[in-house]
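Everything below concerns the one structure shown next.
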Amino acid sequence: MVSRRGFLTGLALVPVAYAAGCSIQPSAPASTTGTRPLPIPPLAPSTVGADGVRRFALRAQPGSTEMVRGIQTPTWGYSGSVLGPTVRARRGEQVAFTITNDLPEATSVHWHGMHVPAEFDGGPHQMIAPGAVWAPGWTVQQHAATLWYHPHPHGATEKHVQRGLSGFFLIDDDSAAEFGLPREYGVDDIPLVIQDRRFTADGRIDESDTTDVGLLGDTIVTNGITDAHLTVTTERVRLRILNGSSGRLYNLAFADGRPFQLVATDGGLLSESVALEQIQLSPGERAELLVTLRPGENVTLRSLPITDRTGVDRAAEFGFDDTFDILTLRAADALRPAADLPTALVPMTPLAAATAAPTRTFDLQWFMINNRRMDMNRIDMTIPVDTTEVWSVRNKDNWPHNFHVHDVQFQILAIDGDPPPPALSGWKDTVYTAPDTTYTLAMHFADHADPTYPYMYHCHLLHHEDKGMMGQFLVLAPGQQPAPMAMDMSGMDHG
Ligand code: C2O
Ligand code: CU
Ligand code: CU
(Lines give C-alpha, C1' and ligand atoms only; values in the text may rest on other atoms or scores of the structure.)
(Ligands and ions follow the chains in the order given, each with its own letter.)
Protein backbone atom coordinates (compact mmCIF):
# COMPACT_ATOMS: atom_id res chain seq x y z
CA MET A 1 0.00 0.00 0.00
CA VAL A 2 1.45 3.31 -1.08
CA SER A 3 0.81 6.00 1.49
CA ARG A 4 -0.48 9.41 0.59
CA ARG A 5 2.91 10.79 1.51
CA GLY A 6 4.72 8.24 -0.63
CA PHE A 7 2.43 9.15 -3.44
CA LEU A 8 3.26 12.84 -3.22
CA THR A 9 6.96 12.10 -2.91
CA GLY A 10 6.77 9.94 -5.99
CA LEU A 11 5.02 12.70 -7.83
CA ALA A 12 7.78 15.13 -7.01
CA LEU A 13 10.21 12.86 -8.84
CA VAL A 14 8.32 13.28 -12.09
CA PRO A 15 10.27 15.65 -14.35
CA VAL A 16 9.01 19.20 -14.15
CA ALA A 17 7.78 19.33 -17.73
CA TYR A 18 5.37 16.48 -17.05
CA ALA A 19 4.35 17.61 -13.61
CA ALA A 20 3.23 20.84 -15.22
CA GLY A 21 0.47 18.92 -16.95
CA CYS A 22 -0.53 17.34 -13.70
CA SER A 23 -3.59 19.29 -12.75
CA ILE A 24 -4.54 19.74 -16.41
CA GLN A 25 -4.74 23.45 -15.67
CA PRO A 26 -2.41 24.80 -18.33
CA SER A 27 0.52 26.44 -16.61
CA ALA A 28 1.59 28.64 -19.50
CA PRO A 29 0.03 32.05 -19.96
CA ALA A 30 -2.71 32.41 -22.52
CA SER A 31 -1.29 32.58 -26.00
CA THR A 32 -2.30 35.25 -28.49
CA THR A 33 -4.02 32.84 -30.86
CA GLY A 34 -6.43 31.65 -28.23
CA THR A 35 -5.03 28.15 -27.99
CA ARG A 36 -3.47 26.66 -24.90
CA PRO A 37 -0.61 24.16 -24.63
CA LEU A 38 -1.75 20.56 -24.82
CA PRO A 39 -1.64 19.17 -21.28
CA ILE A 40 0.46 16.03 -21.06
CA PRO A 41 -0.88 13.63 -18.43
CA PRO A 42 1.80 13.11 -15.76
CA LEU A 43 3.42 9.69 -15.53
CA ALA A 44 1.85 7.74 -12.69
CA PRO A 45 4.37 7.47 -9.88
CA SER A 46 5.26 3.92 -8.92
CA THR A 47 7.48 2.11 -6.48
CA VAL A 48 9.19 -1.24 -7.01
CA GLY A 49 9.55 -3.26 -3.82
CA ALA A 50 11.99 -6.00 -2.95
CA ASP A 51 9.47 -8.44 -4.43
CA GLY A 52 9.96 -6.77 -7.83
CA VAL A 53 6.31 -5.72 -8.05
CA ARG A 54 5.70 -2.27 -9.52
CA ARG A 55 3.01 -0.60 -7.41
CA PHE A 56 0.74 2.24 -8.42
CA ALA A 57 -1.97 4.12 -6.55
CA LEU A 58 -4.94 5.73 -8.28
CA ARG A 59 -7.80 7.65 -6.75
CA ALA A 60 -11.07 8.25 -8.59
CA GLN A 61 -12.21 11.66 -7.43
CA PRO A 62 -14.42 14.62 -8.30
CA GLY A 63 -12.88 17.94 -9.22
CA SER A 64 -13.18 20.91 -11.49
CA THR A 65 -11.36 21.51 -14.76
CA GLU A 66 -10.89 24.47 -17.10
CA MET A 67 -11.80 22.40 -20.16
CA VAL A 68 -12.93 25.54 -21.94
CA ARG A 69 -10.76 28.56 -21.26
CA GLY A 70 -12.08 30.65 -18.40
CA ILE A 71 -14.82 28.20 -17.42
CA GLN A 72 -14.67 25.74 -14.55
CA THR A 73 -16.45 22.49 -15.39
CA PRO A 74 -17.19 19.89 -12.72
CA THR A 75 -15.31 16.74 -13.77
CA TRP A 76 -14.11 13.40 -12.45
CA GLY A 77 -10.55 12.18 -12.72
CA TYR A 78 -8.01 9.71 -11.41
CA SER A 79 -5.61 11.33 -8.94
CA GLY A 80 -6.49 14.70 -10.45
CA SER A 81 -9.51 16.62 -11.64
CA VAL A 82 -9.81 14.98 -15.07
CA LEU A 83 -8.41 11.98 -17.01
CA GLY A 84 -5.64 10.18 -15.16
CA PRO A 85 -1.88 9.80 -14.96
CA THR A 86 -0.22 7.66 -17.63
CA VAL A 87 0.60 4.25 -16.23
CA ARG A 88 3.76 2.67 -17.70
CA ALA A 89 5.12 -0.80 -17.19
CA ARG A 90 7.44 -3.12 -19.06
CA ARG A 91 6.54 -6.39 -20.63
CA GLY A 92 7.30 -9.14 -18.12
CA GLU A 93 6.85 -6.87 -15.13
CA GLN A 94 4.45 -7.58 -12.26
CA VAL A 95 2.16 -4.64 -11.53
CA ALA A 96 -0.15 -3.96 -8.59
CA PHE A 97 -2.62 -1.16 -7.99
CA THR A 98 -4.35 0.40 -5.05
CA ILE A 99 -7.44 2.08 -6.40
CA THR A 100 -9.49 4.23 -4.09
CA ASN A 101 -12.97 5.40 -5.00
CA ASP A 102 -13.59 8.89 -3.67
CA LEU A 103 -16.55 9.42 -6.00
CA PRO A 104 -20.09 9.68 -4.68
CA GLU A 105 -21.03 6.46 -6.49
CA ALA A 106 -19.62 3.04 -7.31
CA THR A 107 -17.27 2.71 -10.26
CA SER A 108 -14.77 0.20 -11.65
CA VAL A 109 -11.44 0.43 -13.48
CA HIS A 110 -11.05 -1.71 -16.58
CA TRP A 111 -7.68 -2.22 -18.30
CA HIS A 112 -8.73 -1.93 -21.93
CA GLY A 113 -6.55 -4.08 -24.20
CA MET A 114 -4.79 -5.87 -21.37
CA HIS A 115 -4.30 -9.60 -21.08
CA VAL A 116 -5.27 -9.83 -17.43
CA PRO A 117 -6.85 -12.37 -15.04
CA ALA A 118 -10.64 -12.10 -15.22
CA GLU A 119 -10.98 -11.24 -11.51
CA PHE A 120 -8.80 -8.15 -12.09
CA ASP A 121 -10.29 -7.13 -15.45
CA GLY A 122 -12.21 -4.28 -13.83
CA GLY A 123 -15.46 -4.91 -15.63
CA PRO A 124 -18.95 -4.69 -14.13
CA HIS A 125 -18.20 -7.56 -11.71
CA GLN A 126 -15.43 -5.62 -9.94
CA MET A 127 -17.30 -2.61 -8.65
CA ILE A 128 -15.60 -0.34 -6.12
CA ALA A 129 -18.08 1.15 -3.66
CA PRO A 130 -17.68 4.80 -2.61
CA GLY A 131 -14.86 4.95 -0.08
CA ALA A 132 -13.66 1.44 -0.92
CA VAL A 133 -10.28 0.31 -2.23
CA TRP A 134 -9.63 -2.27 -4.97
CA ALA A 135 -6.24 -3.91 -5.33
CA PRO A 136 -5.72 -5.79 -8.60
CA GLY A 137 -2.36 -7.15 -9.74
CA TRP A 138 -0.97 -9.23 -12.61
CA THR A 139 2.07 -9.85 -14.79
CA VAL A 140 2.23 -7.86 -18.02
CA GLN A 141 2.58 -10.42 -20.81
CA GLN A 142 2.08 -8.70 -24.13
CA HIS A 143 3.75 -6.53 -26.74
CA ALA A 144 4.57 -2.88 -26.22
CA ALA A 145 1.32 -1.01 -26.87
CA THR A 146 -0.85 1.98 -26.11
CA LEU A 147 -3.64 0.70 -23.87
CA TRP A 148 -5.98 2.67 -21.64
CA TYR A 149 -7.99 2.36 -18.47
CA HIS A 150 -11.55 3.53 -17.85
CA PRO A 151 -14.65 2.81 -15.74
CA HIS A 152 -16.98 -0.06 -16.65
CA PRO A 153 -20.00 0.12 -14.29
CA HIS A 154 -22.86 -1.60 -16.06
CA GLY A 155 -25.37 0.95 -17.31
CA ALA A 156 -23.26 3.98 -16.34
CA THR A 157 -20.01 3.68 -18.29
CA GLU A 158 -20.86 6.51 -20.66
CA LYS A 159 -21.59 8.90 -17.81
CA HIS A 160 -18.39 8.05 -15.92
CA VAL A 161 -16.22 8.41 -19.01
CA GLN A 162 -17.97 11.63 -20.09
CA ARG A 163 -17.24 13.16 -16.70
CA GLY A 164 -13.55 12.65 -17.35
CA LEU A 165 -12.45 9.22 -16.16
CA SER A 166 -9.89 7.61 -18.47
CA GLY A 167 -6.13 7.32 -18.67
CA PHE A 168 -3.37 5.81 -20.77
CA PHE A 169 -1.58 2.57 -19.91
CA LEU A 170 1.61 2.23 -21.93
CA ILE A 171 3.44 -1.07 -22.15
CA ASP A 172 7.13 -0.90 -23.04
CA ASP A 173 9.64 -3.38 -24.35
CA ASP A 174 12.84 -2.99 -26.38
CA SER A 175 11.08 -2.45 -29.70
CA ALA A 176 10.80 1.36 -29.56
CA ALA A 177 14.60 1.65 -29.21
CA GLU A 178 15.24 -1.09 -31.73
CA PHE A 179 13.21 0.67 -34.41
CA GLY A 180 14.29 4.18 -33.50
CA LEU A 181 10.77 5.31 -32.63
CA PRO A 182 10.37 8.66 -30.88
CA ARG A 183 10.16 7.72 -27.21
CA GLU A 184 10.69 10.78 -25.04
CA TYR A 185 7.40 11.04 -23.20
CA GLY A 186 5.73 14.42 -23.56
CA VAL A 187 8.47 15.65 -25.94
CA ASP A 188 8.32 13.56 -29.12
CA ASP A 189 6.13 10.73 -27.80
CA ILE A 190 2.74 12.27 -27.16
CA PRO A 191 -0.37 10.63 -25.70
CA LEU A 192 -3.45 12.24 -27.25
CA VAL A 193 -6.97 11.37 -26.17
CA ILE A 194 -9.65 12.88 -28.37
CA GLN A 195 -13.12 13.36 -26.93
CA ASP A 196 -16.22 15.33 -27.79
CA ARG A 197 -18.31 17.19 -25.27
CA ARG A 198 -21.25 19.51 -25.11
CA PHE A 199 -21.42 22.11 -22.36
CA THR A 200 -24.44 23.67 -20.71
CA ALA A 201 -24.72 27.46 -20.46
CA ASP A 202 -23.35 27.31 -16.91
CA GLY A 203 -20.30 25.30 -17.99
CA ARG A 204 -21.34 21.80 -16.97
CA ILE A 205 -20.93 18.74 -19.16
CA ASP A 206 -24.28 18.32 -20.90
CA GLU A 207 -25.48 14.79 -20.24
CA SER A 208 -28.86 15.25 -21.90
CA ASP A 209 -30.10 14.56 -25.43
CA THR A 210 -28.66 11.16 -26.00
CA THR A 211 -28.84 10.20 -29.68
CA ASP A 212 -28.93 6.63 -30.98
CA VAL A 213 -25.13 6.69 -30.70
CA GLY A 214 -25.18 8.26 -27.24
CA LEU A 215 -23.93 11.68 -26.21
CA LEU A 216 -22.51 13.55 -29.20
CA GLY A 217 -20.54 16.68 -28.45
CA ASP A 218 -20.07 19.79 -30.56
CA THR A 219 -16.73 20.63 -28.94
CA ILE A 220 -13.46 18.73 -29.20
CA VAL A 221 -11.49 18.20 -26.04
CA THR A 222 -7.90 16.91 -26.29
CA ASN A 223 -6.17 15.66 -23.15
CA GLY A 224 -8.90 17.42 -21.20
CA ILE A 225 -9.00 20.87 -22.81
CA THR A 226 -10.41 22.57 -25.89
CA ASP A 227 -8.32 24.48 -28.46
CA ALA A 228 -4.96 22.94 -27.68
CA HIS A 229 -1.67 23.29 -29.49
CA LEU A 230 1.49 21.25 -29.18
CA THR A 231 4.89 22.84 -29.49
CA VAL A 232 7.10 20.43 -31.41
CA THR A 233 10.87 20.50 -30.96
CA THR A 234 11.79 17.41 -32.96
CA GLU A 235 11.62 16.70 -36.69
CA ARG A 236 9.36 13.75 -36.03
CA VAL A 237 6.71 13.16 -33.39
CA ARG A 238 4.86 10.05 -32.41
CA LEU A 239 1.21 10.63 -31.59
CA ARG A 240 -0.41 7.87 -29.58
CA ILE A 241 -4.02 8.64 -30.37
CA LEU A 242 -6.99 7.26 -28.45
CA ASN A 243 -10.56 7.83 -29.51
CA GLY A 244 -11.91 8.35 -25.99
CA SER A 245 -15.34 9.50 -27.14
CA SER A 246 -18.44 7.58 -26.28
CA GLY A 247 -20.12 7.54 -29.68
CA ARG A 248 -18.21 9.63 -32.20
CA LEU A 249 -16.00 8.35 -35.02
CA TYR A 250 -13.01 10.39 -36.20
CA ASN A 251 -11.40 10.38 -39.61
CA LEU A 252 -8.03 11.90 -38.80
CA ALA A 253 -5.89 13.71 -41.36
CA PHE A 254 -3.55 16.67 -41.49
CA ALA A 255 -5.07 19.83 -42.90
CA ASP A 256 -2.44 20.04 -45.67
CA GLY A 257 -2.98 16.40 -46.60
CA ARG A 258 0.55 15.36 -45.65
CA PRO A 259 1.05 11.64 -45.26
CA PHE A 260 2.01 10.14 -41.92
CA GLN A 261 3.29 6.71 -40.93
CA LEU A 262 1.00 4.41 -39.01
CA VAL A 263 3.26 2.26 -36.83
CA ALA A 264 0.93 0.70 -34.27
CA THR A 265 -2.71 -0.11 -33.65
CA ASP A 266 -4.55 -1.19 -30.48
CA GLY A 267 -2.29 -4.07 -29.46
CA GLY A 268 1.12 -2.86 -30.59
CA LEU A 269 3.43 -2.31 -33.53
CA LEU A 270 2.44 -3.36 -37.04
CA SER A 271 4.58 -5.80 -38.98
CA GLU A 272 5.54 -2.83 -41.14
CA SER A 273 4.75 0.84 -41.03
CA VAL A 274 2.24 2.12 -43.54
CA ALA A 275 2.03 5.57 -45.10
CA LEU A 276 -1.50 6.98 -44.88
CA GLU A 277 -3.21 10.30 -45.35
CA GLN A 278 -6.26 9.47 -43.21
CA ILE A 279 -7.14 7.07 -40.47
CA GLN A 280 -10.54 6.32 -39.00
CA LEU A 281 -10.90 5.57 -35.29
CA SER A 282 -14.10 4.44 -33.61
CA PRO A 283 -14.60 4.71 -29.83
CA GLY A 284 -11.91 2.83 -27.89
CA GLU A 285 -9.53 2.32 -30.84
CA ARG A 286 -5.91 3.56 -30.78
CA ALA A 287 -3.36 4.37 -33.45
CA GLU A 288 0.26 5.45 -33.21
CA LEU A 289 1.28 7.85 -35.97
CA LEU A 290 4.64 9.32 -36.87
CA VAL A 291 4.45 12.77 -38.39
CA THR A 292 7.37 14.72 -39.83
CA LEU A 293 7.56 18.51 -39.54
CA ARG A 294 9.69 21.27 -41.00
CA PRO A 295 11.12 24.03 -38.79
CA GLY A 296 8.72 26.84 -38.03
CA GLU A 297 5.62 25.39 -39.65
CA ASN A 298 2.14 24.94 -38.17
CA VAL A 299 0.22 21.80 -39.03
CA THR A 300 -3.31 21.07 -37.93
CA LEU A 301 -4.61 17.62 -37.14
CA ARG A 302 -8.19 17.51 -38.26
CA SER A 303 -11.13 15.13 -38.29
CA LEU A 304 -12.81 14.92 -41.70
CA PRO A 305 -16.20 13.49 -42.62
CA ILE A 306 -16.27 9.71 -42.44
CA THR A 307 -15.46 8.22 -45.84
CA ASP A 308 -18.62 7.02 -47.64
CA ARG A 309 -20.38 7.31 -44.27
CA THR A 310 -19.46 3.58 -44.04
CA GLY A 311 -22.91 2.92 -45.47
CA VAL A 312 -24.82 4.43 -42.54
CA ASP A 313 -27.97 6.21 -43.77
CA ARG A 314 -28.55 8.55 -40.81
CA ALA A 315 -24.87 9.50 -40.86
CA ALA A 316 -25.40 13.24 -40.35
CA GLU A 317 -27.34 12.60 -37.16
CA PHE A 318 -24.46 10.48 -35.86
CA GLY A 319 -21.85 13.16 -36.53
CA PHE A 320 -20.29 11.40 -39.52
CA ASP A 321 -20.33 14.52 -41.72
CA ASP A 322 -18.65 16.81 -39.19
CA THR A 323 -15.23 18.42 -39.55
CA PHE A 324 -13.23 19.46 -36.48
CA ASP A 325 -9.80 20.88 -35.86
CA ILE A 326 -8.25 18.58 -33.27
CA LEU A 327 -4.77 19.87 -32.47
CA THR A 328 -2.31 22.35 -33.94
CA LEU A 329 1.30 21.22 -34.08
CA ARG A 330 3.66 24.21 -33.93
CA ALA A 331 7.16 23.36 -34.98
CA ALA A 332 9.97 25.30 -33.35
CA ASP A 333 12.46 27.16 -35.56
CA ALA A 334 15.08 24.52 -34.92
CA LEU A 335 14.11 20.86 -34.75
CA ARG A 336 16.11 17.97 -33.37
CA PRO A 337 16.78 15.61 -36.30
CA ALA A 338 14.99 12.28 -36.28
CA ALA A 339 16.18 8.75 -36.97
CA ASP A 340 15.26 7.20 -40.34
CA LEU A 341 11.62 6.20 -40.69
CA PRO A 342 11.25 2.58 -39.70
CA THR A 343 9.69 0.20 -42.23
CA ALA A 344 9.82 -3.41 -40.99
CA LEU A 345 8.58 -3.59 -37.40
CA VAL A 346 7.32 -6.59 -35.41
CA PRO A 347 6.39 -9.59 -37.59
CA MET A 348 2.99 -11.06 -36.80
CA THR A 349 2.43 -14.79 -37.10
CA PRO A 350 -1.12 -15.52 -38.25
CA LEU A 351 -3.18 -17.21 -35.54
CA ALA A 352 -5.40 -18.92 -38.12
CA ALA A 353 -5.86 -19.14 -41.87
CA ALA A 354 -8.08 -16.51 -43.44
CA THR A 355 -10.26 -19.39 -44.64
CA ALA A 356 -10.68 -20.96 -41.19
CA ALA A 357 -14.30 -21.77 -40.36
CA PRO A 358 -15.67 -19.54 -37.60
CA THR A 359 -16.08 -21.10 -34.17
CA ARG A 360 -18.75 -18.52 -33.25
CA THR A 361 -20.84 -15.83 -34.88
CA PHE A 362 -21.99 -12.53 -33.43
CA ASP A 363 -24.82 -10.51 -34.93
CA LEU A 364 -24.87 -6.86 -33.90
CA GLN A 365 -28.26 -5.18 -33.99
CA TRP A 366 -29.90 -2.36 -32.04
CA PHE A 367 -28.73 -2.80 -28.42
CA MET A 368 -28.28 -6.53 -28.84
CA ILE A 369 -25.67 -9.11 -29.69
CA ASN A 370 -27.18 -12.31 -31.09
CA ASN A 371 -30.64 -10.97 -30.22
CA ARG A 372 -29.85 -10.68 -26.53
CA ARG A 373 -29.09 -7.82 -24.21
CA MET A 374 -26.57 -8.03 -21.39
CA ASP A 375 -27.52 -9.96 -18.29
CA MET A 376 -24.89 -9.96 -15.58
CA ASN A 377 -26.30 -13.27 -14.37
CA ARG A 378 -26.01 -15.01 -17.74
CA ILE A 379 -22.80 -16.50 -19.09
CA ASP A 380 -23.15 -16.29 -22.87
CA MET A 381 -20.38 -18.72 -23.69
CA THR A 382 -17.49 -20.66 -22.23
CA ILE A 383 -14.13 -20.93 -23.96
CA PRO A 384 -11.59 -23.68 -23.24
CA VAL A 385 -8.30 -22.18 -22.09
CA ASP A 386 -5.35 -22.27 -24.50
CA THR A 387 -7.50 -22.33 -27.62
CA THR A 388 -7.55 -20.17 -30.71
CA GLU A 389 -11.02 -19.11 -31.79
CA VAL A 390 -12.27 -17.60 -35.03
CA TRP A 391 -15.20 -15.23 -34.59
CA SER A 392 -17.42 -13.93 -37.31
CA VAL A 393 -18.92 -10.56 -36.38
CA ARG A 394 -21.63 -8.93 -38.46
CA ASN A 395 -23.33 -5.56 -38.14
CA LYS A 396 -26.88 -6.45 -39.11
CA ASP A 397 -28.44 -3.02 -38.83
CA ASN A 398 -27.82 0.47 -40.15
CA TRP A 399 -26.38 1.98 -37.00
CA PRO A 400 -22.66 2.29 -36.47
CA HIS A 401 -21.31 -0.31 -34.03
CA ASN A 402 -17.94 -1.64 -33.12
CA PHE A 403 -16.77 -4.79 -31.40
CA HIS A 404 -14.40 -5.08 -28.47
CA VAL A 405 -13.20 -8.21 -26.72
CA HIS A 406 -11.65 -8.21 -23.25
CA ASP A 407 -8.49 -10.14 -22.34
CA VAL A 408 -7.16 -10.64 -25.87
CA GLN A 409 -5.74 -8.88 -28.87
CA PHE A 410 -7.17 -10.26 -32.08
CA GLN A 411 -6.15 -10.44 -35.74
CA ILE A 412 -8.61 -9.46 -38.44
CA LEU A 413 -8.43 -12.37 -40.87
CA ALA A 414 -10.94 -11.03 -43.35
CA ILE A 415 -13.55 -8.35 -44.01
CA ASP A 416 -16.35 -9.76 -46.15
CA GLY A 417 -13.90 -12.47 -47.17
CA ASP A 418 -11.17 -10.08 -48.32
CA PRO A 419 -7.87 -9.44 -46.55
CA PRO A 420 -8.04 -6.36 -44.28
CA PRO A 421 -6.39 -3.08 -45.35
CA PRO A 422 -2.90 -2.44 -43.87
CA ALA A 423 -4.32 -0.23 -41.09
CA LEU A 424 -6.38 -3.18 -39.83
CA SER A 425 -3.68 -5.81 -40.29
CA GLY A 426 -2.08 -5.55 -36.86
CA TRP A 427 -3.14 -6.43 -33.33
CA LYS A 428 -6.57 -5.07 -32.46
CA ASP A 429 -8.94 -5.28 -29.52
CA THR A 430 -11.67 -3.09 -31.00
CA VAL A 431 -12.83 -2.97 -34.60
CA TYR A 432 -15.37 -0.75 -36.32
CA THR A 433 -18.15 -2.77 -37.92
CA ALA A 434 -19.79 -1.12 -40.93
CA PRO A 435 -23.39 -2.06 -41.75
CA ASP A 436 -23.89 -5.35 -43.61
CA THR A 437 -20.25 -6.27 -43.31
CA THR A 438 -18.71 -9.40 -41.82
CA TYR A 439 -15.44 -9.26 -39.88
CA THR A 440 -13.56 -12.51 -39.27
CA LEU A 441 -11.37 -12.30 -36.18
CA ALA A 442 -8.86 -14.74 -34.71
CA MET A 443 -7.80 -14.67 -31.08
CA HIS A 444 -6.01 -16.91 -28.62
CA PHE A 445 -7.18 -17.42 -25.02
CA ALA A 446 -3.78 -18.31 -23.61
CA ASP A 447 -4.34 -18.73 -19.88
CA HIS A 448 -6.16 -17.14 -16.89
CA ALA A 449 -8.89 -19.80 -16.66
CA ASP A 450 -11.48 -18.78 -14.07
CA PRO A 451 -14.89 -20.43 -13.52
CA THR A 452 -16.23 -17.48 -11.50
CA TYR A 453 -15.35 -14.20 -13.20
CA PRO A 454 -16.34 -13.58 -16.81
CA TYR A 455 -14.78 -11.33 -19.42
CA MET A 456 -16.92 -9.04 -21.58
CA TYR A 457 -17.32 -8.54 -25.30
CA HIS A 458 -19.34 -5.56 -26.43
CA CYS A 459 -19.98 -2.63 -28.68
CA HIS A 460 -17.68 0.18 -27.49
CA LEU A 461 -20.17 2.93 -28.33
CA LEU A 462 -20.70 3.48 -24.63
CA HIS A 463 -24.41 4.19 -24.86
CA HIS A 464 -24.90 0.89 -26.71
CA GLU A 465 -22.81 -0.92 -24.12
CA ASP A 466 -24.80 0.68 -21.29
CA LYS A 467 -28.04 -0.32 -22.98
CA GLY A 468 -26.98 -3.93 -22.98
CA MET A 469 -25.01 -4.49 -26.20
CA MET A 470 -22.62 -6.73 -24.30
CA GLY A 471 -22.11 -10.36 -23.40
CA GLN A 472 -19.96 -12.40 -21.06
CA PHE A 473 -17.67 -15.38 -21.43
CA LEU A 474 -15.74 -17.58 -19.06
CA VAL A 475 -12.35 -19.06 -19.91
CA LEU A 476 -12.29 -22.57 -18.42
CA ALA A 477 -9.55 -25.08 -17.67
CA PRO A 478 -10.22 -28.70 -18.68
CA GLY A 479 -12.84 -30.19 -16.38
CA GLN A 480 -13.79 -26.82 -14.84
CA GLN A 481 -17.51 -26.09 -14.49
CA PRO A 482 -18.89 -22.53 -14.63
CA ALA A 483 -19.41 -21.17 -11.12
CA PRO A 484 -20.39 -17.52 -11.62
CA MET A 485 -21.43 -15.44 -8.66
CA ALA A 486 -25.04 -14.31 -8.57
CA MET A 487 -25.31 -10.56 -8.92
CA ASP A 488 -28.01 -8.60 -7.20
CA MET A 489 -29.43 -6.62 -10.09
CA SER A 490 -32.20 -4.86 -8.19
CA GLY A 491 -31.94 -1.16 -8.73
CA MET A 492 -30.09 -1.79 -11.96
CA ASP A 493 -31.90 -0.28 -14.89
CA HIS A 494 -30.45 -0.08 -18.31
CA GLY A 495 -33.90 -0.07 -19.94
CU1 C2O B 1 -12.85 -0.23 -23.11
CU2 C2O B 1 -15.17 -3.35 -21.98
O3 C2O B 1 -14.04 -1.75 -22.54
CU1 CU C 1 -11.84 -3.61 -22.65
CU1 CU D 1 -23.17 -0.30 -31.06
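The values are calculated or read from the model by the stated rules, or taken from the named source; none is laboratory data. Keep in mind that this is a model prediction, so the values were computed, not measured. Cβ sites come from the backbone with ideal geometry, for glycine too, and all protein chains shown count toward neighbours. What goes into the accessible areas is simple: the full protein's heavy atoms, side chains included, and nothing from ligands, DNA or RNA. Shrake-Rupley method; radii C 1.70, N 1.55, O 1.52, S 1.80 Å.
A few comments on the model shown:
- Of all residues making up the stretch 132-153, the number that are within 15 Å of ligand 2 (Cβ to nearest atom) and touching a His at 6+ places or on another chain (Cβ under 7 Å): 8
- Residue match in the stretch 365-373 (condition: touching a residue at least 12 places away in the same chain (Cβ under 8 Å), surrounded by fewer than 18 Cβ atoms within 10 Å (Cβ to Cβ), of a type outside the set (Lys, Arg) and farther than 25 Å from GLN280 by Cβ): yes
- Flag if ASP209 is farther than 23 Å from LEU270 by Cα, away from ligand 1 (no atom under 16 Å from the Cβ) and surrounded by fewer than 22 Cβ atoms within 10 Å (Cβ to Cβ): yes
- Members of the stretch 451-472 that are within 17 Å of MET381 (Cβ to Cβ) and away from ligand 2 (no atom under 16 Å from the Cβ): PRO451, THR452, GLY468
- In this structure, THR388 does satisfy being touching a His at 6+ places or on another chain (Cβ under 6 Å) and of a type in the set (Ser, Thr, Tyr).
- In summary, ARG314 fulfils each of the numbered conditions (1) under 24 Å from the mean Cα position of the chain (by Cα); (2) open to solvent by 20 Å² or more (accessible area, probe 1.4 Å) with the single exception of condition (1).
- For the stretch 323-347, the set of residues classified as touching a residue at least 60 places away in the same chain (Cβ under 8 Å), touching a Pro at 6+ places or on another chain (Cβ under 7 Å) and closer than 30 Å to LEU249 by Cβ consists of ALA331 only.
- Meets criteria (within 15 Å of ligand 1 (Cβ to nearest atom), within 16 Å of the chain's Cα centre (by Cα) and not in a strand (DSSP E or B)) for HIS125: no
- THR437 vs. criteria β-branched (Val, Ile, Thr) and away from ligand 3 (no atom under 16 Å from the Cβ): no
- ARG240 vs. criteria among the basic types (Lys, Arg), buried (at least 18 other Cβ atoms within 10 Å of the Cβ), in contact with a Leu (Cβ under 9 Å, 6 or more places away or on another chain) and closer than 22 Å to HIS458 by Cα: no
Residue by residue, here is whether (1) within 16 Å of ligand 1 (Cβ to nearest atom); (2) under 19 Å from ILE40 (Cα atoms) holds:
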{"site": "THR222", "(1), (2)": "no, yes"}
{"site": "ALA228", "(1), (2)": "no, yes"}
{"site": "ASN243", "(1), (2)": "yes, yes"}
{"site": "GLN278", "(1), (2)": "no, no"}
{"site": "THR300", "(1), (2)": "no, yes"}
{"site": "PHE320", "(1), (2)": "no, no"}
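- Test: residue in the stretch 246-265 that is under 18 Å from THR146 (Cα atoms), within 16 Å of ligand 1 (Cβ to nearest atom), modelled with pLDDT of 95 or more and not aromatic (Phe, Trp, Tyr): yes
- Pairs where the first residue, in the stretch 398-412, is in a strand (DSSP E or B) and the second is within 11 Å of ligand 2 (Cβ to nearest atom) and of a type in the set (Phe, Trp, Tyr), C-beta under 8 Å, 6+ apart: PHE403/TYR457; HIS404/TYR457; VAL405/TYR455; VAL405/TYR457
- Only one entry in LEU276, LEU252, LEU289 is free of Cβ contacts under 8 Å to residues at least 60 places away in the same chain and out of contact with any Asp or Glu (no Cβ under 9 Å at 6 or more places or on another chain), namely LEU289.
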